[in-house]
Amino acid sequence: MRLKMVPDNTTFDFFTRWKLWLGISATLIVVALASFAIQGLNFGIDFRGGTTIRTESAEPLDVGAYRTALQELDLGDVVISEVFDPSFGPDENVAMIRIAPQDDAEAVSQATIDSVRTALAEVAPDIEFTSVSSVGPKVSGELIQTAVIAVLLAIGAVLVYIWLRFEWQFAVGAVVALVHDVALTIGIFSELQIRFDLAIIAALLTIVGYSLNDTVVVFDRVRENLIKYKQRPLKEVLNISINETLSRTLMTSFTTLLALLALLALGGDVIRGFVFAMTWGVIVGTYSSIFVASVILFWLGVKRDWSKPDNAAGNQFANVDA
Amino acid sequence: MLQIDLWKRLLIWGVVLAGVLLATPNVFYGRVERHNDAVAAIEREGATEALREDAAAWPSWAPSGLVNLGLDLRGGAHLLAEVQVEDVYASRLEALWPEIRDALRDLRDTVGTVRLQDGPADELRVAISEPAGMAQALEAIRALASPVSSSTALAQGGSNDIEVSGSDGVITVTLSDAERAAVDERTLQQALEIIRRRIDEVGTREPTIQRQGADRILIQVPGVGSAQELKDIIGTTAQLTFQPVVGRASDADAQPGVGEEVLPSMDEEGVYYTLDRSPVVTGEELVDAQPSFDQNGRPAVTFRFDATGARRFGDYTAQNIGSPFAIVLDDEVISAPVIQSHIPGGSGIITGNFTIEESTNLAVLLRAGALPAGLEFLEERTIGPELGADSIEAGKLATGVAFALVLIYMAAAYGLFGIFANIALILNIGLLFGLLSLIGATLTLPGIAGIVLTVGMAVDANVLVFERIREELKTARGPARAIELGYEKALSAIVDANITTIITAIILFAMGSGPVRGFAITLGFGILTSVFTAIFVTRLLIVTWYERRRPKTITV
């Protein structure tokens, strides 16, 4: 008796409504970009500079009182938010305080932090600063630049790799799928106003890697079946390939999601944003490897005869034995 | 058909065994850490009973490499400092002015009077009253230039250190690009070295002190209470001078004459010295300082001057036998011994009421000297140890649960083969930790996420193979052939899929910093170990099982 995600032999048709799938994806991307354009991302201090202080106190948290206490210090833009996590006990009341960059200094001065501590100690005498981070405007500017370069570089490198191993149509399909995943992830971060910091960029790159992993497995089967079924129409070959790999695609996504959900629920609030990005990425990545990457491949068409010697490169790993 | 050579089997089990052995110290983290610290301490300052006991907590023949915990897990402080190299350019140019003045003074007849003008900090502007003598003046100043001495300058064709130009009776002297590069290099090296020594001095575990880019230094020190504390450690400058003593008084209000100053004594309460403000020798002329003991067996510091310092020190002591001479550290008089005799050779000893620890600290501070340029802190982070401990707890719990869920699911989905995959998955985590311990990688909170992600994704290669075996079972002749074909045909998908993920891990590692880099490391190595276990270990398990049982049919 086996637990099965999908039946042994599936014959779903993924391409009859291919325009619909592309339309849905395109609409989602437009919505995501619109949200990004209108609301913008809730950048963390990594990207906008400034200081965050994580406070912990046994007293119940009163955000209003904190705000009033800090107003007198004249620190400019101050954002205070309460942090919730199921692992916190009743005497763990955690808040994040974000202070805008101060005009005169790159990083925040100790005097400022001390004054914040003194002001808050009047509200909650036992307050502790469990972490303090301060990033100057110079570094934050560079971090944005590095992050953008990293994501573009990753997508570029992948484009080249797939192009070398497959054909350019595959590379375009894979990259459109990646752009789709990255855009949707940025979209949900902007829509839900989840803090977007350096770790999220790492998550984005991982999504790129994961989504690609899925796409490549499907493409690998497409390549194999294109040789096997030389006479069948492309649509049929693609459908066969996706159906054959469907069980694997869902299995892997499911185990990865199991692991990520455990981390999301139990991993603590510090990395929750990061894990959320990855969880979301696995879901959209799985969707996009079928409904974006393969559909694009169908749309572009592909060279059929893979048995020519110049394309034998695709099988060079096939004879390795253990 | 399904055959694996004996040597390959041994090799595979050997690798797995080595990985798991290397990983074991992490299971006994606290104990091994105590052992490692004690061993290091014994090596440094000799064995004591307590240290020996700690060292015995873990057998010395066993592997003792641990995965380092990053700041976000251990707590500590992180600073990104920018070295203000412009300061050094400016002082370098300032130092040129006396030489230029002297050179031009010799040409007074042709260039007229010479005056220093205000200008930007990276330029030295000299005005001459007779513009007609410009050509000669420029030539005289150019003669002062010397070739840049650094390895990078050689590549640039041995250029000179200064560039001189003149117009309208004003001569502008700037540092050449090659000289600036050389100055940057020297300054950064020196700053790195000084910061490293000062932090080592405090004796914290595994600090990271790295150069980043052209003029930045990244400093991460676990266990430090706040970024400010770390800044204080780095900012401590030991300024040592040797000054002539003018008088001794019992109150701080003594009126010093012109060019004199009043400084308190370090260990005699209420004693003040009036000193000549200009030092005979300074700590900059020191080449070495070591903790030692004086003739009475009290802790002291011996020091040695460089050639210039030694000459000046020798001359001064020869001319002032019988007068007191003050040794001043950071504006406090350590001691003011009377010069007994001419001290040639440029070495001496500082005695005072030191403990051994103080004399060691003083020697280090003297050796390290002052930072060559100011630091501006661009980024500061402090993570409290409790937050780090909470993160570790949360990480452990999440990893455990993720692990259990995946194991159960794999067994439910693939039965016996799922159990093979699960054994491989457990060994995979062992291998991953072994590899991380071996290279001394740092585990961060995103790094833990990377491990959890690996747990989820590691089964992928197995799933690919198993699914393929299922398919082959429908067509192939017999189970052995199906297993073989399953592995063979799944391989290209496994390789392609994982290479693309490796590419992103490499980019993350190259572009990221700190925690993100930790994530890239666990992700990258996690892929390597999971591909290894899926292709070799699971396969070996399946083949071994198949050889024993010889089943006529199999279900995957």
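Show me the ranking of peptides B:388-399, A:231-242 by mean Cβ neighbours inside 10 Å, starting with the highest. Numbers along the way, then the final one.
Working: B:388-399: 20.1, A:231-242: 17.6.
Descending mean neighbour count gives B:388-399, A:231-242.
For chain A, take the longest principal axis of its alpha carbons; what is the angle in degrees between that and the long axis of helix A:137-165, to the nearest 10 within 0 to 90?
10
Using the Cα gyration tensor of the stretch A:23-131, with a ≥ b ≥ c the square roots of its eigenvalues, what is the shape: rounded (a/c below 1.5), prolate (a/b larger than b/c) or oblate (neither)?
On the way: a/c = 2.80, a/b = 1.58, b/c = 1.77.
Taking the square roots of the gyration eigenvalues as a ≥ b ≥ c, the stretch A:23-131 is oblate.
Which value, to two decimals, describes the C-alpha radius of gyration of the stretch B:236-381 once divided by 2.2 N^0.38 Å? Walk me through the intermediate numbers first.
On the way: Rg = 15.9 Å, N = 146, 2.2 N^0.38 = 14.6 Å.
With N residues counted in the stretch B:236-381, Rg over 2.2 N^0.38 Å equals 1.09.
Would you mind giving the mean number of other chain beta-carbons within 10 Å of the Cβ of each residue in A:212-224, as a whole number?
On the way: counts 7, 12, 2, 3, 10, 10, 2, 3, 10, 4, 0, 3, 3.
Partner Cβ neighbours, averaged per residue: 5.
What number, rounded to the nearest 500 deg cm²/dmol, is the helix-based mean residue ellipticity at 222 nm of the protein assembly as shown, given -39500 (n - 2.57) per DSSP H run of at least four residues and division by all its residues? Could the numbers behind the result be given before it?
Working: 27 runs with 485 residues, N = 878.
Calculated from helices alone, the mean residue ellipticity at 222 nm is -18500 deg cm²/dmol.
Can you give me the % of accessible surface on the protein assembly as shown that is carbon or sulfur? Probe 1.4 Å, all protein chains present, nothing else counted.
Values: 22250 of 38760 Å².
In the protein assembly as shown, the share of accessible area belonging to carbon and sulfur is 57 percent.
Any idea what the dipole of the stretch A:77-203 comes to, in debye rounded to 20, about its Cα centre with Lys/Arg Cβ at +1 and Asp/Glu Cβ at -1?
Working: 5 positive and 17 negative charges, 146 e Å.
Roughly 700 debye, rounded to the nearest 20.
Per residue, how much accessible surface does chain A expose to a 1.4 Å probe? Answer in Å², no decimals. Present the calculation step by step, with values, prior to reporting the outcome.
Numbers: 13650 Å² over 322 residues.
Roughly 42 Å² per residue, with all protein chains present.
Using the crude model of +1 on Lys and Arg Cβ and -1 on Asp and Glu Cβ, and no other charge, please compute the dipole size for chain A relative to its Cα centre, in debye to 20.
2440
Are there any trypsin sites (Lys or Arg not before Pro) in the stretch B:166-220 that are in a DSSP loop and have at most 16 other Cβ atoms within 10 Å? List them by number.
Working: sites: B:Arg180, B:Arg186, B:Arg196, B:Arg197, B:Arg198, B:Arg205, B:Arg211, B:Arg216; in loops: B:Arg205.
Listed in order of number, the matching sites are B:Arg205.
How much solvent-accessible surface does B:Lys489 expose, in Å² to the nearest 10, with a 1.4 Å probe and all protein chains in place?
80
Averaged over its residues, how many other protein chain Cβ atoms are within 10 Å of peptide B:72-78's Cβ atoms? Please list the in-between numbers first.
Values: counts 3, 0, 0, 2, 0, 1, 1.
Mean number of neighbouring Cβ atoms from other chains: 1.
Got a number for the accessible area of A:Tyr66? Probe 1.4 Å, square angstrom, nearest 10.
Looks like 0 Å² after rounding.
Within chain A, count lysine pairs with alpha carbon atoms under 30 angstrom apart where the residues are 8 or more positions apart or belong to different chains.
Step by step, the pairs that qualify in chain A add up to 12.
Within chain B, count lysine pairs with alpha carbon atoms under 28 angstrom apart where the residues are 8 or more positions apart or belong to different chains.
Numbers: B:Lys8/B:Lys489; B:Lys8/B:Lys552; B:Lys474/B:Lys489; B:Lys474/B:Lys552; B:Lys489/B:Lys552.
The result is 5.
Cα gyration tensor of the stretch B:6-88, axes a ≥ b ≥ c as square roots of the eigenvalues: rounded (a/c below 1.5), prolate (a/b > b/c) or oblate? Mind showing how you got there, number by number?
Values: a/c = 2.59, a/b = 1.40, b/c = 1.85.
Oblate, since a/c reaches 1.5 and b/c is not below a/b.
If you take the accessible area of B alone plus A alone and subtract the pair, what total do you get in square angstrom, rounded to 100, with a 1.4 Å probe?
Numbers: alone 28360 and 16850 Å², together 38760 Å².
The summed interface area works out to 6400 Å².
Can you list the residues, at least 5 places off or on another chain, whose amide H is less than 5 Å from the amide H of B:Asp288, using H built in the peptide plane?
B:Arg304
Along the positive direction of the dipole of the stretch A:1-110 (beta-carbon charges: Lys, Arg +1; Asp, Glu -1; about the Cα centre), which of A:Phe15, A:Ala58, A:Leu28 reaches farthest?
A:Phe15
Ordering A:Val282, A:Val179 from largest to smallest accessible area (1.4 angstrom probe), what's the sequence? Don't jump to the answer; show the numbers that get you there.
Values: A:Val282 5, A:Val179 75 Å².
Sorted descending by solvent-accessible area, the residues read A:Val179, A:Val282.
Can you give me the angle between helix B:385-438 and the longest principal axis of chain B, using Cα atoms only, in degrees from 0 to 90, rounded to the nearest 10?
20
When the expected Rg is taken as 2.2 N^0.38 Å, what fraction or multiple of it is the alpha-carbon Rg of the stretch B:1-157?
2.21
Mind checking which of B:Ile100, B:Pro147, B:Gln117 is farthest towards the positive end of the stretch B:86-182's charge dipole, using Cβ charges of +1 (Lys, Arg) and -1 (Asp, Glu) about the Cα centre?
Positive-end residue among those listed: B:Ile100.
Any idea what the dipole of the stretch B:236-381 comes to, in debye rounded to 20, about its Cα centre with Lys/Arg Cβ at +1 and Asp/Glu Cβ at -1? Let's see the in-between values first.
On the way: 8 positive and 22 negative charges, 134 e Å.
So the dipole magnitude of the stretch B:236-381 works out to roughly 640 debye.
Taking 41 Å as R0, compute the FRET efficiency from the Cβ-Cβ separation of B:Glu99 and B:Ala47 and round it to 0.05.
Numbers: r = 56 Å, r/R0 = 1.36.
For B:Glu99 and B:Ala47, the calculated efficiency is 0.15.
If you count, for every residue in B:401-413, the Cβ atoms of partner chains within 10 Å of its Cβ, what is the mean? Could you put the intermediate results ahead of the total?
On the way: counts 8, 10, 3, 2, 6, 6, 1, 2, 6, 3, 1, 4, 8.
Averaged over the peptide's residues, the number is 5.
With an 8 Å cut-off on Cα pairs and a minimum separation of 6 or more residues, tell me the relative contact order of the stretch A:50-135 in percent.
Here the relative contact order equals 49 percent.
If a/c stays under 1.5 just call it rounded; otherwise compare a/b with b/c (prolate if a/b is bigger, oblate if not). Do that for the stretch B:86-182, with a ≥ b ≥ c from the square roots of the Cα gyration tensor eigenvalues.
Values: a/c = 2.35, a/b = 1.74, b/c = 1.36.
Prolate, because a/c is 1.5 or more and a/b exceeds b/c.
With point charges of +1 on the Cβ of Lys and Arg and -1 on the Cβ of Asp and Glu, referenced to the Cα centre of the protein assembly as shown, which listed residue (A:Ala100, B:Ile356, A:Phe166) lies farthest in the positive direction of the dipole?
Farthest towards the positive end: A:Phe166.
Suppose accessible area is computed on protein heavy atoms with a 1.4 Å probe; arrange B:Leu51, B:Leu124 from highest to lowest. Before the final figure, lay out the partial values.
On the way: B:Leu51 35, B:Leu124 15 Å².
If we order B:Leu51, B:Leu124 from most to least accessible, we get B:Leu51, B:Leu124.
Mind checking the angle between helix B:514-532 and chain B's longest principal axis? C-alpha axes, 0 to 90 degrees, to the nearest 10.
Rounded to the nearest ten degrees, it is 30.
Go through the stretch B:8-24 residue by residue and turn each phi into a ³J(HN,Hα) via Karplus (6.51, -1.76, 1.60, θ = phi - 60°); whole Hz please, and just put x for glycine and proline.
Listing the rounded values in order: 5, 4, 4, 4, 4, 5, x, 4, 4, 4, 4, x, 5, 4, 5, 7, 3 Hz.
What's the extension gain from B:Arg31 to B:Ser250 if we count 0.36 nm per residue and subtract their Cα-Cα distance? Please list the in-between numbers first.
Numbers: separation 219, 0.36 × 219 = 78.84 nm, distance 5.50 nm.
That works out to 73.3 nm of additional length.
Using a probe radius of 1.4 Å on heavy atoms only, what accessible surface per residue do you get for chain B? Whole Å² is fine. Don't skip to the end; give the middle numbers.
On the way: 25110 Å² over 556 residues.
So chain B comes to 45 Å² accessible per residue, rounded to a whole number.
The values are calculated or read from the model by the stated rules, or taken from the named source; none is laboratory data. All values reported here derive from a predicted model rather than from experimental measurement. Cβ coordinates were reconstructed from backbone atoms using ideal geometry, including for glycine residues, and neighbour counts include every protein chain displayed. These accessible areas exclude ligands, DNA and RNA; they are computed on the full protein's heavy atoms, side chains included. Shrake-Rupley method; radii C 1.70, N 1.55, O 1.52, S 1.80 Å.
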